[in-house]
Amino acid sequence: MKHLLKLLDWTSEDINEVLNLADQLKYEQKHGIAKKYLENKTLGMIFQKASTRTRVSFEVGMFQLGGKALFLSGNDMQIGRGEPVEDTARVLSRYLDGIMIRTFEQKEVEALAEYGSIPIINGLTDFCHPCQVLADLMTVRERKGRLDGLKMSFIGDGNNMMNSLIVGALKSGMSISVACPENYEPDSTVLDFAKEYGDKFKMFRNPKDAVVDSDVVITDVWASMGQEEEAQQRKEAFEGYQINDELMSLAKSDALVLHCLPAHRGEEITAEVFESHADEIFEEAENRLHAQKAVMVYLMR
């Protein structure tokens, strides 16, 4: 049985197949072609972290595919009162056809897959954000016509987004350069993976070095959910890491700018750069719907 726990588990062929399926599903929706690929299927959505895009896109996506999505708040479930995740996995596997979970620890997602008997989709953990990165890759491919041979840059925290973008970009034939301050590097597991790709992966301290000749520049908030108490400390650490006109002048003239949202204008990105690239940023947000529908069809059909 296949899951989406992290992109490290997926092959390049898996990623490409899901991106092709996402393109097909987007085309069908835009042209009023309604195919109920997951008719009578039910997805349980466990949320231990709040969400806008993840909840709405999965719930709407499941509806459009002919199935049903159930919102399961961690605060309302026994898992939030100490029931072991392995017991939750075995119970829910008898009711549902798939589970999407948005939580803190990666080990919870892995445990659901180990003890359950239905596909598990990682909607976000502190380690990775595979659904968002599939939408990012979809957007780049739509806009540029390809992924292979392009250069991506990520400027900011070595968080779940940087971890997943490094893996997704390299497995898609892209090169990727990242810039982050000391003590804010990506996970060591991801760095070990990236070593296999030689010069296709580079890590810098200076954002200017990372952005040179980039086809796409990506950033994220400096303090993610659960890191609010570190906001001021992080603001100081990331001084000079803002995506602004000066930095973008070093990228290719037709470079894309992407942001997984929510965005803090004036911090990680200026309002001017955000608004000048708003079309592709909100296309990226829309593509969460299409990419996740593709993931669900790929795993649950």
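Quick note: the coordinates plus some simple rules give every number you see, no bench work behind them. The structure displayed is predicted, hence computed values, not measured ones. Virtual Cβ from ideal backbone geometry, glycine too; neighbours counted across all protein chains shown.
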| task | Any of K202/K252; K151/K208; K144/K235; K151/K293; K171/K195 with alpha carbons more than 21 Å apart? Name them for me. | result | K144/K235; K151/K293
| note | With Cα coordinates, the longest principal axis of the chain makes an angle with the long axis of helix 160-171, in degrees rounded to 10, of 90 degrees
| request: Name the residue, out of G44, G32, G156, whose mean-square fluctuation peaks in a Gaussian network model built on the chain with Cα pairs under 10 Å. | output: G32
| request: For segment 94-127 and segment 1-72, compute the distance between their C-alpha centroids and round to whole Å. | output: 14 Å
| With labels modelled as points extended 7 Å from the Cα through the Cβ direction, what inter-label distance (nm, one decimal) is found for Y115 paired with K252? | 4.8 nm
| field | Sites A34 and D213, calculated FRET efficiency, Cβ-Cβ separation with R0 51 Å, nearest 0.05 | value | 0.75
| task | With a ≥ b ≥ c taken as the square roots of the eigenvalues of the C-alpha gyration tensor of segment 223-301, please select rounded if a/c is under 1.5 and otherwise prolate if a/b is larger than b/c or oblate if it is not? | result | oblate
| field | Acute angle (nearest 10 degrees) that the helix 12-30 long axis makes with the longest principal axis of the chain, alpha-carbon atoms | value | 80 degrees
| request: State the extension gain, in nm to one decimal, for the chain segment bounded by E239 and N20, taking 0.36 nm per residue of separation less the distance between their alpha-carbons. | output: 75.0 nm
| task | For the chain, set up a Gaussian network in which alpha carbons nearer than 10 Å are linked by springs, and say which option among E284, E28, E59 fluctuates the most. | result | E28
| remark: For 135-145, 273-283, 257-267, 118-128, ranked highest to lowest by mean beta-carbon neighbours within 10 Å, the order is 118-128, 135-145, 257-267, 273-283
| Using a simple spin-label model with points 7 Å from Cα along the Cα→Cβ vector, what separation in nm is obtained for T52 and E230? | 2.3 nm
| What percent do you get for the relative contact order of the chain when only Cα pairs under 8 Å and 6+ apart count? | 20 percent
| task | Net charge near L25: determine it from the other residues with C-beta under 14 Å of the C-beta of L25, scoring Lys and Arg +1 and Asp and Glu -1. | result | +2
| said: Averaged across orientations, what area in nm² does the convex hull of the alpha carbons in segment 132-284 project? | reply: 8.0 nm²
| query | For helix 53-64, what angle does its Cα long axis make with the longest principal axis of the chain, in degrees from 0 to 90 and rounded to 10? | reply | 50 degrees
| note | In terms of the charge dipole of the chain, which places +1 on Lys and Arg and -1 on Asp and Glu at the beta carbon, the residue among N40, V178, V273 farthest towards the positive end is N40
| remark: Here the FRET efficiency for K144 versus Y184, based on Cβ atoms and R0 = 22 Å and rounded to 0.05, is 0.15
| said: For a test of the definition: using alpha carbon positions, the gyration tensor, and the 1.5 limit on a/c, classify segment 1-137 as rounded, prolate or oblate. | reply: prolate
| With a ≥ b ≥ c the root eigenvalues of the C-alpha gyration tensor of the chain, is it rounded (a/c under 1.5), prolate (a/b larger than b/c) or oblate? | prolate
| Sum of side-chain charges, Q132 neighbourhood, beta-carbon under 9 Å (Lys, Arg +1; Asp, Glu -1) | 0
| Inter-centroid distance (Cα atoms) of segment 235-300 relative to segment 158-231, Å | 14 Å
